[in-house]
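Participant: To start, I am sharing the structure in question, which I have written as structure tokens.
The values are calculated or read from the model by the stated rules, or taken from the named source; none is laboratory data. Just so it is clear, the model here is predicted, and its values are computed rather than measured. Glycine gets a Cβ as well: all are built from the backbone with ideal geometry, and neighbour counts include every protein chain shown. To get the accessible areas, we keep the full protein, side chains included, count just its heavy atoms, and leave off ligands, DNA and RNA. Shrake-Rupley method; radii C 1.70, N 1.55, O 1.52, S 1.80 Å.
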Amino acid sequence: MSKITIAIDGFSSTGKSTLAKQLAKELNYVYVDTGAMYRAITLFAMRNNFIGSGEERLEDLVKLLPRIKLKFVPNPKLGFAEMYLNDENVEKQIRTMQVSKYVSRIAELEQVRYMLVEMQKTMGKEKGIVMDGRDIGTVVFPDAELKIFMTASPQARATRRYKELLDRGEEVSYEDVLENVQKRDFIDSHREFSPLRKADNAIEFDNSDMGLKEQFERLLSIADRCIEKV
Ligand code: DC
């Protein structure tokens, strides 16, 4: 059976990655979380004091971009690939509130976007891929056979994210998480280079009041129909 490309875009904390991961597993496709790539560059920028410690020095980050090595390494125990930054597993470090605070600033940079989009295009050359992010259906794979655009109310998303962070032992307040979600929505959809927007031919999926099982079943049946047509 022919393999297709599945692009899943949408606002932060809409559960894109959970769903994309499940779908990739079911179809035996590769899963790529592009947010992890933007987060890893942000972690690198924070560690080098280019952002998050007073004065921003983003031009210095841009100069060092060619020296940043990003890699997804499969973890068979977890069933998905983890993000490595210059050979260090940073899967945990890139999910903190601190990284979430600065990642939209880093994701606005044209040179960062250019570098990551090129890497993502290469990863999808063979098709058989589920990729999630903000610009997958619009910029990375404009010809993807299936495009999904996920939304949910900011409150529903902040509640999910808040629980996730508490489960990981981070001390955060719900108000801070809600503010971060709304701020990122704004920056992600108003930036100059490849802003977050629904691709014209994407299927919109509002999951504010939908459980995971229902979302997965719906999405899988959409994907199956799409694969049959190819
Ligand atoms: O999916 P996420 O919340 O982990 O993504 C983190 C940030 O990275 C998000 O606020 C916007 C940015 N991002 C992007 O600009 N383009 C992508 N394809 C993926 C993420």
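Participant: With the requirement that a residue be charged (D, E, K, R) and in contact (Cβ under 8 Å) with a residue 12 or more places away in the chain, what does region 55-66 give you? Working first, answer last.
Facilitator: Our first condition is that a residue be charged (D, E, K, R); within region 55-66, this holds for 55-57, 59-60, 63.
Scanning region 55-66 gives GLU56, ASP60.
Participant: On to the next question. I'm told VAL139 meets every condition in (1) open to solvent by less than 40 Å² (accessible area, probe 1.4 Å); (2) not in a strand (DSSP E or B) except one. Can you identify the failing condition by its number?
Facilitator: (1)
Participant: Go through region 1-21 residue by residue and tally those that are open to solvent by 20 Å² or more (accessible area, probe 1.4 Å) and within 16 Å of the ligand (Cβ to nearest atom).
Facilitator: Filtering region 1-21 for residues open to solvent by 20 Å² or more (accessible area, probe 1.4 Å) gives 1-3, 11, 13, 15, 17-18, 21.
Next cut, within 16 Å of the ligand (Cβ to nearest atom) only: 11, 13, 15, 17-18, 21.
Within region 1-21, residues that are open to solvent by 20 Å² or more (accessible area, probe 1.4 Å) and within 16 Å of the ligand (Cβ to nearest atom) number 6.
Participant: Moving on to the next point. Quick check: anything in region 1-12 over 22 Å from ALA152 (Cα atoms) and out of contact with any strand residue (DSSP E or B) (no Cβ under 9 Å at 6 or more places or on another chain)? Please lay out each step first, then the result.
Facilitator: Here is the first cut: in region 1-12, the ones over 22 Å from ALA152 (Cα atoms) are 1-5.
With out of contact with any strand residue (DSSP E or B) (no Cβ under 9 Å at 6 or more places or on another chain) added as a condition, the list becomes 1-2.
Yes: region 1-12 contains one or more residues that are over 22 Å from ALA152 (Cα atoms) and out of contact with any strand residue (DSSP E or B) (no Cβ under 9 Å at 6 or more places or on another chain).
Participant: Right, something else. Please find, within region 67-79, the residue that is most open to solvent (accessible area, probe 1.4 Å) out of those that are assigned to a strand (DSSP E or B), closer than 24 Å to ARG113 by Cβ and not β-branched (Val, Ile, Thr). Write out each step before concluding.
Facilitator: Going through region 67-79, the residues assigned to a strand (DSSP E or B) turn out to be 70-75.
Right, trim to closer than 24 Å to ARG113 by Cβ and you get 70-73.
With the extra rule that they be not β-branched (Val, Ile, Thr), the set shrinks to 70-72.
Working: LEU70: 22, LYS71: 95, PHE72: 52 Å².
Filtering first and then ranking leaves LYS71.
Participant: Now, a different point. If you take the residues in region 80-91 that are surrounded by 18 or more Cβ atoms within 10 Å (Cβ to Cβ) and more than 27 Å from PRO142 (Cα to Cα), which one is farthest from the ligand (Cβ to nearest atom)?
Facilitator: Checking each candidate, the answer is LEU85.
Participant: Being more than 16 Å from the ligand (Cβ to nearest atom) and open to solvent by 70 Å² or more (accessible area, probe 1.4 Å) is the filter; apply it to region 167-202 and report the residue that is nearest to GLU145 (Cα to Cα). So that I can check it myself, show each step before the final result.
Facilitator: Within region 167-202, the first condition is being more than 16 Å from the ligand (Cβ to nearest atom), and the residues that meet it are 167, 169, 171, 173-175, 200-201.
Filter once more, keeping what is open to solvent by 70 Å² or more (accessible area, probe 1.4 Å): 167, 171, 175, 200-201.
Working: ASP167: 36, GLU171: 41, GLU175: 38, ASP200: 13, ASN201: 10 Å.
Of everything passing the filter in region 167-202, ASN201 is nearest to GLU145 (Cα to Cα).
Participant: Does region 203-230 hold any residues that are of a type in the set (A, V, I, L, M, F, W, C) and within 16 Å of the ligand (Cβ to nearest atom), and which are they? Can you show your working first?
Facilitator: Quick first cut of region 203-230, residues of a type in the set (A, V, I, L, M, F, W, C) only: 203, 205, 210, 212, 216, 219-220, 222-223, 226-227, 230.
Within region 203-230, just PHE205 meets the criteria.
Participant: Check whether at least one residue in region 92-102 is of a type outside the set (A, V, I, L, M, F, W, C), within 30 Å of LYS25 (Cβ to Cβ), within 12 Å of the ligand (Cβ to nearest atom) and open to solvent by less than 20 Å² (accessible area, probe 1.4 Å), and report yes or no.
Facilitator: yes
Participant: Please specify each residue of region 91-109 satisfying the condition of being out of contact with any strand residue (DSSP E or B) (no Cβ under 6 Å at 6 or more places or on another chain) and part of a loop (DSSP other than H, G, I, E, B).
Facilitator: If the condition is that a residue be out of contact with any strand residue (DSSP E or B) (no Cβ under 6 Å at 6 or more places or on another chain) and part of a loop (DSSP other than H, G, I, E, B), then LYS92, THR96, GLU108, LEU109 are the ones that fit.
Participant: While we're on this one: Of the residues LYS198, LYS213, which single one is basic (Lys, Arg), touching a strand residue (DSSP E or B) at 6+ places or on another chain (Cβ under 7 Å) and closer than 30 Å to SER2 by Cα? Steps first, please.
Facilitator: Details: LYS213 fails: touching a strand residue (DSSP E or B) at 6+ places or on another chain (Cβ under 7 Å).
Matching residue, one of LYS198, LYS213: LYS198.
Participant: If you scan region 110-124, which residues turn out to be open to solvent by less than 50 Å² (accessible area, probe 1.4 Å) and either in a helix (DSSP H, G or I) or closer than 15 Å to GLY52 by Cβ (or both)?
Facilitator: Residues of region 110-124 open to solvent by less than 50 Å² (accessible area, probe 1.4 Å): 112-113, 115-117, 120, 124.
Of everything in region 110-124, those that are open to solvent by less than 50 Å² (accessible area, probe 1.4 Å) and either in a helix (DSSP H, G or I) or closer than 15 Å to GLY52 by Cβ (or both) turn out to be VAL112, ARG113, MET115, LEU116, VAL117, GLN120.
Participant: Checking ILE106 against (1) surrounded by fewer than 16 Cβ atoms within 10 Å (Cβ to Cβ); (2) closer than 15 Å to TYR38 by Cβ: exactly one of these is not met. Which one?
Facilitator: Condition (1) is where ILE106 drops out.
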